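Worksheet: the structure to be examined is printed underneath.
The values are calculated or read from the model by the stated rules, or taken from the named source; none is laboratory data. Owing to the predicted nature of the structure, the values given are computational and were not obtained by experimental measurement. A quick note on method: Cβ atoms are made from the backbone with ideal geometry, for glycine too, and the neighbour counts reach across all protein chains shown. Each accessible area value is taken on the protein alone, full model and side chains, heavy atoms only, with ligands, DNA and RNA left out. Shrake-Rupley method; radii C 1.70, N 1.55, O 1.52, S 1.80 Å.
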Amino acid sequence: MSTAEIQDYLKTATVVAKEAGEVVREAFYKEKSLQTKSNYADLVTETDQAVEKQIINSLKEKYQLTSEDNNQYEADISQFIGEESVAGGHKTEWTDDPTWIIDPIDGTTNFVHQIPHTCVCIGLSIKKQMVVGVVYAPILNEMYTGAKGQGAFCNGERISTSQQNDLKQAIIYLEGGSSREQDVLRRKFNIYHKVVETTRGTRTLGSAAMNMVNVAKGSGDAYVEYGLHIWDFAASGVILIEAGGAMIDPAGGPVDFLSRRVLCASSQSLADQLSTTIPEHIEMERD
Ligand code: 2AM
Ligand code: CA
Ligand code: CA
Ligand code: CA
């Protein structure tokens, strides 16, 4: 794929994310229509679903994949992986085809509670390699973009990681997550304990993508998570890598987007240190 083609995809994703973000912003201070998914902490709103449909329809329109009936968009979803479409029964089938990977609202709980760290995520993979990533946080007015080999930007300004190499001086993002399974929580909080003990501090933004882009711009140094899905970290992953960061499996070795696990850091050295510090790794059921 040529640089010009990648640029075109990035431009499209940016425009579509901006339009989606307007819808999120419009709904942010209004009453939400809310449902729970797997448990009482796993939320979805009508806005999540509406925004995902809007994004998919806009991308189909741009690349001439329009179906006559907008409600039929799920019929040819093979090149789209979106959280709410998967929740609606579509399996995560990630192929070598160009695939848009969409999280319409990352940080739904923040969105529901009017906490501004909430964002629209759009990534593009080609041959299972992430080539474009856009994370737009409409309440914060932050548009993060990244394209393979072309750097990472926030509102058009180049961003880079902190290059922090000393775990003792590092700030690590961690999340409680939305699982309420006792075994997962016990392991998560063992990890939490060790990370607090060995680092300068921990932070929780309530959005996987916001944690990742903050590491990408040097506001904090690492993030480790178990329980994610590909749409939670595909787009922000491109931005992080292009900003000079490293993304690995928490137990070491290359990241696997279907493993539900990720460790990202300002540098490879910090990623490796954090990986070996973590006392146990949570095995998740793969996507
Ligand atoms: P969401 O808002 O799109 O559902 C909160 O912990 C962050 O992690 C959010 O980015 C949330 O995405 C994502 N997340 C969702 N389910 C999770 C889980 N079971 N474990 C960890 N993170 C999860
Ligand atoms: Ca969700
Ligand atoms: Ca998410
Ligand atoms: Ca979501």
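Can you tell me which of 206-219, 145-158 comes out highest on packing, and rank the rest after it, using the mean Cβ neighbours within 10 Å?
206-219, 145-158
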Exercise. Counting only protein heavy atoms and using a 1.4 Å probe, what share of the accessible area of the chain belongs to carbon plus sulfur, as a whole percent?
Worked result: 47 percent
Problem set entry | Residues of the chain: accessible area per residue with a 1.4 Å probe, Å² | 44 Å²
Exercise. So which of K60/K217; K11/K217; K11/K37 end up more than 28 Å apart, counting from Cα to Cα?
Worked result: K60/K217; K11/K37
Seminar exercise, completed: Nearest 10, in degrees from 0 to 90: the angle of helix 230-242 to the longest Cα principal axis of the chain is 70 degrees
Problem set entry | the range 136-287: translational diffusion in µm²/s, Stokes-Einstein, Kirkwood Rh over Cα pairs, 25 °C, 0.890 mPa s | 162 µm²/s
Exercise. Roughly how big is the chain's charge dipole about its Cα centre, with Cβ charges of +1 (Lys, Arg) and -1 (Asp, Glu), in debye to the nearest 20?
Worked result: 820 debye
Problem set entry | the chain: relative contact order as a whole-number percent, Cα under 8 Å and 6+ apart | 17 percent
Problem set entry | the chain: projected area of the alpha-carbon convex hull, averaged over directions, in nm² | 13.7 nm²
Seminar exercise, completed: Dividing the mean separation of Cα pairs under 8 Å (6+ apart) by the residue count of the range 176-287 yields a relative contact order in percent of 27 percent
Problem set entry | Near-label residues of the range 112-145 by backbone N, under 19 Å of a point 7 Å along Cα→Cβ of E93 | 125-129
For this session: Rank by packing, highest mean first: peptides 235-243, 22-30, with packing defined as the count of other Cβ atoms within 10 Å averaged across residues.
Result: 235-243, 22-30
For this session: Answer with one residue from V255, T204, W231: the one whose Cα lies farthest towards the positive end of the charge dipole of the range 198-276, charges on Cβ with Lys, Arg +1 and Asp, Glu -1.
Result: T204
For this session: Report, in degrees rounded to the nearest 10, the 0 to 90 angle that the Cα long axis of helix 182-198 makes with the longest principal axis of the chain.
Result: 60 degrees
Problem set entry | Rounded tilt (10° steps) of 268-277 against the dominant C-alpha axis of the chain | 60 degrees
Exercise. Quick one: if the Förster radius is 41 Å, what FRET efficiency do T109 and Q129 give, using the C-beta to C-beta distance and rounding to 0.05?
Worked result: 0.85
